[in-house]
Amino acid sequence: MAFSYKPLWHLLLDRGITKTQLREMTGIGTATLAKLSKDQEVSMSVIHKICIALDCEIQDVVQIVKKND
């Protein structure tokens, strides 16, 4: 299983928010934003900050996808 942040990127597009604006809204660092962009794992506190800033649910930010081995 792997994480995908596609729901987050779609949400940002729908709301007209850039990745830079998201970073500023949440206080996350550029390295964390890069991890999100690469579908790498981030801490739950990062996901929480995003959900609070965007007033959304966790499933609006991340989804679990089955890896094709």
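With equal scatterers on the alpha carbons only and no solvent term, can you work out the Debye log10 of I(q)/I(0) for the chain at 0.13, 0.15, 0.18 1/Å? Here log10 of I(q) over I(0) equals -0.32, -0.43, -0.62.
Per-residue ellipticity at 222 nm from helix content only, as computed over the chain with -39500 (n - 2.57) for each DSSP H run of at least four residues, stands at -15500 deg cm²/dmol. Full extension of the segment from Asp60 to Asp39, taken as 0.36 nm per residue of separation minus the current Cα-Cα distance, would add 6.1 nm. Close Lys pairs in the chain (alpha-carbon distance under 18 Å; sequence gap of 8 or more, or different chains): 13.
Rule-based calculations on the coordinates, nothing more; no lab input. Every value quoted in this text rests on a predicted model; they were computed, and no experiment measured them.
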